Amino acid sequence: MAESDAQLVSRRVVWLSFGAIAVAAVAAVVARGLVALIDFVTNLAFYGRLSVANVSPAGNHLGLWVILIPVVGGLIVGLMARFWSQGIRGHGIPEAIERVLFAESRVPKRLTFLKPLSAALAIGTGGPFGAEGPIIATGGALGSLLGQLFPVTAEERKTLLAAGAAAGMAATFGTPVASVLLAIELLLFEYRPRSIIPVALAAATATAVRVAFVGSAPMFALEGLTQPRGGALAFYVALGAVTGVAAVWVTRAVYAAEDLFGRLPIHWMWWPAIGALVVGVIGFFAPRTMGVGYDNIREVLSGTITGRALYTLGALKLVSWAVALGSGTSGGTLAPLFTIGGALGAALTAIAHAAAPGLGVDVRIGALVGMAAIFAGASRALLASVVFAFEATRQPLGLLPLLGGCTAAFLVSSLWMKTTIMTEKIVRHGNKVPAEYLADFLELLYVRDFVSTPVVALRSDERVDEARAFISSDAPGARHQGFPVIDEKNELRGVVTRRNLLAPEVAGDTPVGEIITRPPTIIFDDDSLREAAERMAQERIGRLPVVTRKEPRRVIGMLTRSDILGANRRRLAARRIER
C-alpha cells in the first residue's frame, strides 16, 4: 500500500531511526573513549604516569612548570588546525549549526577523529573546557558521516547529525530529554515527528550505554532540598535576571577575546598557544580553573566551595575560558558556563541569605539556578537548560525556581543581545540563523479560499490568432499571464502562457491545443497554500489550475504566485496592534 501524503511519518523514518540508534551507540562509546583519552593526557602531562584514572590537574606539584603544560597542548592543537583541518577550532556547536544551515549537514569525514583528538589534547593539558562540546560535535560528525555513506536526503542527514549530537550530550551527562530539547532548539530548527523520533531514540540509546559504563547515578547529585516559597521564589527569578545580564557580558567577553586575537600580527596557528599561556598563568595561581571541572560544579552545587574561593573560581574561570576559547583552540562551553553561573548564583544567594535570613533562600538552589540560567541566557536554549538542570540533579524541588530563573535570563538576553554564544560566529560570517520556530502560516490556509475566479480559459480547438486577438483586447481576464486550455468536454488539457501564444515561430492558424508543451500540473481546492507553493517551485511554474477531487479534470479556478503572496496580508494584519 502506498504511503499517504497525509501521514506524519513514512517508512523511511523507521530506517532512519535504526540509523540514529546505531550512531548513538557508537557516539556513546566514543564519548567514554574521549573521557578516557582526556584522563590519559592529564595523567601523562601533569603527573608523568600512564593511566586513564579520572584525575584533576589541580592536584599537580609542578610549580612554575605548570604554566608550560597548556602551552604545549595549545601549540599541538594549532599545528593540527593549520595542517590537518581548521574545523577542529572552536567548541563545536556553532560549527555544527553552520553545517546544518548552509552545508546540507555535511561534516568533513576527518573531523570525526580529529575533533575528539584535538579536544583531548587541549583539555588534557589543562584547557578550561568541558568534554561535552567536542563529544556533541563528534556525535554530530558521526551522524553526518552515516548520512553521507547511504542515500538519504539533506533533511534526513540533518536528523542523523542532530541524533548524533544529542547522543553525545546524553552520553556525557545522562540527560536524554534535555539532549533532545537541545537538538530541537539549536540544531533541528523544527519540531516534527520525522525528526524528533530518531533523535529521541538516539538520546535514549546513548543514555542506556552510559548507564552500562558508569551507572545510573545523576551527574550532579543534590540531596535535602526543601520546597522554596514566596520571597525565595521571587529571589530566584531576580537571580535569573541578573544571571541573564551576566550571560550577555560573558558572550561579549568571549568574542572580544576572539577579536583581540584577530588583531595579532601573527598567524592564527600560534593563537592557541598564546591563549594557553594565560591559562597556565591563571592555573598556577588557581589550579581549579584548569581541566574539565565537573568536580568544581559538584562542589559549587553542594555548597562546599564558599567565600573567597567561590569568587576566585568564578572570576578566574571566566578569564581563562574566554581567552582560551577566543584563541580558537578546541574545547567546550557547557561546563565552563555551568561553573561560572553556578559560582555567581551561589555567591549572590549567600549574600542574600546573610542579609535576610528570613527570606528562606538556599545557596544550593541559587547555584543550580545560576548554572542553568547562564546557559539559557547565553545560548537561548530555554527548555533544554531547565530540563538539563533537573535531569542532572534529579531534584524536582528545583524545577519551579529553574523555570522562573531561566525564563528571566532568557528574557534579559533576548532584550539585550541579538545573537547568542552559539550563533554570533555564524552571523559574523554573513549568515542568518533562525531564532523562532513558527507553524507554517501557508500550511493553515486552503487553496479554495484564495483561488482566482471565474476561470478565463482557452479552447483547445480555437486558433492561435484568435487567442492573440483576445489577449490584446480589454476583455475581462485578457491580461492574465497564463490560461488553462479545455477541450470540447470542458476538461483540462493543459496550460499555455502569453509567451507561448506570442512566440513568433507559432503560426496563427495553429490550434491552441497543439502548442501545449507539458502535461497539466494541478492543485486540489482542499490542498494547503504550502503544497501549492512547493508544487510551483518543483515544476518551475507560476500558476496552477485548481480542481476538485470529485472532478479532477474540470477547472474551477487558477492559483498564481500573486495569490499566495497576497495571503500573507492576513499574517501581517495579525501583527498590527488593535486600537
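The values are calculated or read from the model by the stated rules, or taken from the named source; none is laboratory data. Owing to the predicted nature of the structure, the values given are computational and were not obtained by experimental measurement. Because the Cβ atoms are built from the backbone with ideal geometry, glycine has one as well, and the counts that use them run over all protein chains shown. Ligands, DNA and RNA are stripped out before the accessible areas are found, and what is left, the full protein with its side chains, is counted by its heavy atoms. Shrake-Rupley method; radii C 1.70, N 1.55, O 1.52, S 1.80 Å.
In segment 508-567, what count of residues is obtained for those that are in a loop (DSSP other than H, G, I, E, B), open to solvent by less than 70 Å² (accessible area, probe 1.4 Å) and not β-branched (V, I, T)?
Going through segment 508-567 one residue at a time, the tally reaches 7.
Does at least one position in segment 194-207 carry a residue that is surrounded by fewer than 19 Cβ atoms within 10 Å (Cβ to Cβ) and touching a Ser or Thr at 6+ places or on another chain (Cβ under 8 Å)?
The answer is yes, given that some residue of segment 194-207 is surrounded by fewer than 19 Cβ atoms within 10 Å (Cβ to Cβ) and touching a Ser or Thr at 6+ places or on another chain (Cβ under 8 Å).
Any residue in segment 280-298 that is open to solvent by 40 Å² or more (accessible area, probe 1.4 Å), aliphatic (A, V, I, L, M) and farther than 22 Å from A119 by Cα?
Checked segment 280-298: no residue is open to solvent by 40 Å² or more (accessible area, probe 1.4 Å), aliphatic (A, V, I, L, M) and farther than 22 Å from A119 by Cα.
The rows are residues; the columns are (1) within 18 Å of G291 (Cβ to Cβ); (2) more than 14 Å from the chain's Cα centre (by Cα); (3) surrounded by fewer than 24 Cβ atoms within 10 Å (Cβ to Cβ).
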residue: A81; (1), (2), (3): no, yes, yes
residue: W84; (1), (2), (3): no, yes, yes
residue: V100; (1), (2), (3): no, no, no
residue: F113; (1), (2), (3): no, yes, yes
residue: A122; (1), (2), (3): yes, yes, no
residue: E132; (1), (2), (3): yes, yes, no
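Does A165 satisfy being part of a helix (DSSP H, G or I), crowded, with 24+ Cβ neighbours inside 10 Å and at pLDDT below 95?
Against the criterion (part of a helix (DSSP H, G or I), crowded, with 24+ Cβ neighbours inside 10 Å and at pLDDT below 95), A165 qualifies.
Just one of (1) open to solvent by 40 Å² or more (accessible area, probe 1.4 Å); (2) in a helix (DSSP H, G or I); (3) farther than 22 Å from A324 by Cβ trips up G19, so point out which.
(1)
Okay, residues lined up against (1) part of a loop (DSSP other than H, G, I, E, B); (2) polar (S, T, N, Q); (3) without any contact (Cβ under 8 Å) to a residue 40 or more places away in the chain:
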| site | (1), (2), (3) |
| --- | --- |
| L400 | no, no, no |
| G405 | no, no, no |
| V433 | yes, no, no |
| L438 | yes, no, yes |
| A467 | no, no, no |
| F470 | no, no, yes |
| A475 | yes, no, yes |
| H480 | yes, no, no |
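Which ones in segment 299-321 are open to solvent by 10 Å² or more (accessible area, probe 1.4 Å), within 21 Å of V248 (Cβ to Cβ) and touching a residue at least 40 places away in the same chain (Cβ under 8 Å)?
Answer for segment 299-321, where residues must be open to solvent by 10 Å² or more (accessible area, probe 1.4 Å), within 21 Å of V248 (Cβ to Cβ) and touching a residue at least 40 places away in the same chain (Cβ under 8 Å): L318, V319.
Among the residues of segment 434-454, are any at pLDDT 85 or above, within 30 Å of G360 (Cα to Cα), surrounded by 13 or more Cβ atoms within 10 Å (Cβ to Cβ) and of a type in the set (F, W, Y)?
no
Restricting the search to segment 365-388, which residues are at pLDDT below 95 and either closer than 20 Å to D295 by Cβ or charged (D, E, K, R) (or both)?
The answer is R380, and nothing else.
Please state which one of A475, A503 is open to solvent by 30 Å² or more (accessible area, probe 1.4 Å) and aliphatic (A, V, I, L, M).
Of the residues listed, the single one that is open to solvent by 30 Å² or more (accessible area, probe 1.4 Å) and aliphatic (A, V, I, L, M) is A475.
Yes or no: L187 buried (at least 24 other Cβ atoms within 10 Å of the Cβ) and either closer than 30 Å to V41 by Cα or out of contact with any Lys or Arg (no Cβ under 7 Å at 6 or more places or on another chain) (or both)?
Considered against the rule, which asks whether it is buried (at least 24 other Cβ atoms within 10 Å of the Cβ) and either closer than 30 Å to V41 by Cα or out of contact with any Lys or Arg (no Cβ under 7 Å at 6 or more places or on another chain) (or both), L187 comes out as yes.
How many residues are in a loop (DSSP other than H, G, I, E, B) and open to solvent by less than 30 Å² (accessible area, probe 1.4 Å) when one looks only at segment 407-431? So that I can check it myself, show each step before the final result.
Within segment 407-431, the first condition is being in a loop (DSSP other than H, G, I, E, B), and the residues that meet it are 417-423, 429-431.
Next, only the ones that are open to solvent by less than 30 Å² (accessible area, probe 1.4 Å) stay: 417, 419-423.
The qualifying residues number 6.
Looking at segment 212-258 only, could you name the residues that are in a helix (DSSP H, G or I) and among the hydroxyl-bearing types (S, T, Y)? So that I can check it myself, show each step before the final result.
Keep residues of segment 212-258 that are in a helix (DSSP H, G or I), which gives 212-214, 230-258.
Correct list: Y236, T243, T251, Y255.
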